[in-house]
Amino acid sequence: MSNSKSNMQILRELIEKQNNDDFTDEEREKMKQWKKIFNETRDEIKSSANKK
């Protein structure tokens, strides 16, 4: 569970940083890639949950 908390903390920090527009172009590109991976993973989880 501690891993989840650290992930939540990271997300909070990213949101705060994003709102302050402190990202480099490279960081923005990486975030787009991670968001895509996250969305695909979430959709796969939803899809398998619906099959059960």
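Quick note: the coordinates plus some simple rules give every number you see, no bench work behind them. What you see is a predicted model; the values in this text were computed from it and never measured.
Past 25 Å, Cα to Cα, is the threshold; run LYS5/LYS30; LYS5/LYS35; LYS17/LYS46 against it and keep the listed order. Please list the in-between numbers first.
Details: LYS5/LYS30 22 Å; LYS5/LYS35 19 Å; LYS17/LYS46 29 Å.
LYS17/LYS46, as the Cα separations exceed 25 Å there.
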For LYS51, go through the aspartates and glutamates and keep the ones whose alpha-carbon is under 15 Å away, minus same-chain ones fewer than eight residues off.
ASP43
